[in-house]
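Below is one structure, written out as structure tokens; comments come after it.
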Amino acid sequence: MEWIDNLLFTLLLGGGIFWFARNAAKIKRNINLGRQIDINDNPSQRWKLMAKVAIGQSKMVVRPVAGILHIFVYLGFVIINIEVLEILIDGLLGTHRVFAFMGSFYYFLIASFEFLALAVIIGCAVFLVRRNVLKLKRFMNKELDGWPRSDANIILITEILLMSAFLFMNAADGVIMSFSKLTGGMLMPEFAEAANKIFGENAVVGSGLYFPVSTYLTGFLPSNPIALHYIERGCWWFHIIGIIAFLNYIPYSKHFHILLAFPNVFYANLKPKGQFTNLESVTNEVKLMLDPSAPLPPADAPPAKFGAKDIADLSWKQLMDAYSCTECGRCTSNCPANQTGKLLSPRKIMMDTRDRMEEVGKNLDAHGPDFVDNKSLVGDYITAEELWACTTCNACTEACPINIDPLSIIVDLRRYLVMEQSAAPAALNAMFTNIENNGAPWQFSPADRLNWATEN
């Protein structure tokens, strides 16, 4: 009846992959709601940047404790996928440790995975303590109240459970392999066959077949081989069902950054920090003003828009930034406005942008493309007070481990307030008037601009 297990596993795997692909396609759709821009310049520089920042985790280790622990979890996630590949093949074909033919190299791999699994457990446990016991300030900000804080805990606890199941599975498997060799393969021959491939037919049985980390768990296991078999199979199913469930959880979670961090760094802004982009609509207006022979826009062209009011006015890269944010809060903890008690939190800007994208996406699914909810990112999610608290110092973009750029969103939303709403603070409006009339932000005539040099 093993084919029933294989059939159930195949249906479970196919359903999990289908559901994940469906939700990932919705996220891609939501990102493409943004304005289309071309970012294909300097490919070699972009590959180097991705190798350094995303793969090499260079900005994570700026804070060594969190950085090193994150590298444990990151490596565990990346490398243990080889072990997951074996589980998938075993589940589909009904084999047991299909890669065991690699012999001692296979043992080396499994031993490495066990050390990585232990490192992941330690890393996640420390992260839980930092968030829930030590209560680090950047994890206590009010934008994390509710679901975002629960989401982080769910992710960490799930990873601990998945790695624990992997280690207990190996522990039970090691004992069963020893037992099977002792009986000459009379009981559970597939385990004896795997043991012979990994350790050799003449390997010493008993404690010698255990794996380096999971061997310390054998004291928690029963000695009955049937019970051991149930535990090994139970951990195997828990591990793989947990992975498939986790795969389908991440599109609803900040953990989607494990997929988007790499392209997000690749398409990061390569221009010097502080260099603002020119609005094409403004540039065209200036050209028409300075050069009467400049071509006029088509008569039926829609009116030009200035700045960004909602997500459709932001670029797809800015929207990808929002989905890539892992809410670590390094941007906010480095923000001088936030440190001085201002309302601005760059992390909240990214979270609000993502929440608005999710809302628009759900409206599209429920009501079709013509539905208008009369809401917008500015006003309904982000207030003018937050936007004007920003000093444009770029500390948030410098601190982000994956080169997210909250400042570009803040600046585009500000442009909307100024150029579409005329809603700048009074001091800025006075400065704009001075620039327009005097060519400088001060209330002096251009002819008097050097008077300061003659003052006593």
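Points to keep in mind about this one:
- The stretch 11-30, residues that are in contact with a helix residue (DSSP H, G or I) (Cβ under 7 Å, 6 or more places away or on another chain) and small (Gly, Ala, Ser): GLY16, ALA24
- Those helices (runs of 4 or more DSSP H) of the stretch 42-99 in which at least 3 residues are at pLDDT below 90, considering only elements entirely within it, cover 64-79, 81-93.
- Apart from one condition, SER223 fits all of (1) among the hydroxyl-bearing types (Ser, Thr, Tyr); (2) modelled with pLDDT under 90; (3) assigned to a helix (DSSP H, G or I); the exception is (3).
- Looking only at residues in the stretch 195-207 that are under 41 Å from the mean Cα position of the chain (by Cα) and open to solvent by 40 Å² or more (accessible area, probe 1.4 Å), the one that is modelled with the lowest pLDDT is PHE199.
- Scanning the stretch 180-191 finds no residues that are more than 25 Å from PHE115 (Cβ to Cβ), modelled with pLDDT of 80 or more, of a type in the set (Gly, Ala, Ser) and open to solvent by 10 Å² or more (accessible area, probe 1.4 Å).
- Here ILE241 passes the criteria (1) open to solvent by 50 Å² or more (accessible area, probe 1.4 Å); (2) of a type in the set (Val, Ile, Thr); (3) more than 21 Å from PHE166 (Cα to Cα) except the one numbered (3).
- Among residues of the stretch 47-68, those that are under 17 Å from ARG330 (Cα atoms) and open to solvent by 20 Å² or more (accessible area, probe 1.4 Å), counted: 9
- Close pairs from the stretch 262-279: first within 15 Å of CYS325 (Cα to Cα), partner of a type outside the set (Phe, Trp, Tyr) and open to solvent by 80 Å² or more (accessible area, probe 1.4 Å), Cβ under 8 Å, at least 6 apart: PHE262/ILE55
- Annotation: of all residues in the stretch 138-181 being under 22 Å from ARG233 (Cα atoms) and acidic (Asp, Glu), the one that is nearest to the chain's Cα centre (by Cα) is GLU159.
- The stretch 223-251 residues that are touching a residue at least 24 places away in the same chain (Cβ under 8 Å), paired with ones that are acidic (Asp, Glu) (beta carbon under 6 Å, 6 or more apart): GLU232/ASP173
- Complete set of residues in the stretch 343-373 that are more than 18 Å from SER408 (Cβ to Cβ) and free of Cβ contacts under 8 Å to residues at least 40 places away in the same chain: ASP355, GLU359, LYS362, ASN363, ALA366, HIS367, GLY368, PRO369, ASP370, PHE371, VAL372, ASP373
- Failed item, numbered, when LYS342 is tested on (1) outside any loop (DSSP other than H, G, I, E, B); (2) over 19 Å from ILE402 (Cα atoms): (1)
- Filtering the stretch 319-338 to residues that are assigned to a helix (DSSP H, G or I) and hydroxyl-bearing (Ser, Thr, Tyr) leaves TYR323, SER324, THR332, SER333.
- Helices (runs of 4 or more DSSP H) fully within the stretch 361-456 counting 3 or more residues that are open to solvent by 50 Å² or more (accessible area, probe 1.4 Å): 426-438
- Qualifying residue in the stretch 126-137 (condition: hydrophobic (A, V, I, L, M, F, W, C), closer than 17 Å to ARG233 by Cβ and part of a loop (DSSP other than H, G, I, E, B)): no
The values are calculated or read from the model by the stated rules, or taken from the named source; none is laboratory data. Keep in mind that this is a model prediction, so the values were computed, not measured. Heads up, the Cβs are rebuilt from the backbone with ideal geometry, glycines too, and the neighbour counts pull from every protein chain shown. These area figures cover heavy atoms from the full protein model, side chains too; ligands, DNA and RNA do not enter into them. Shrake-Rupley method; radii C 1.70, N 1.55, O 1.52, S 1.80 Å.
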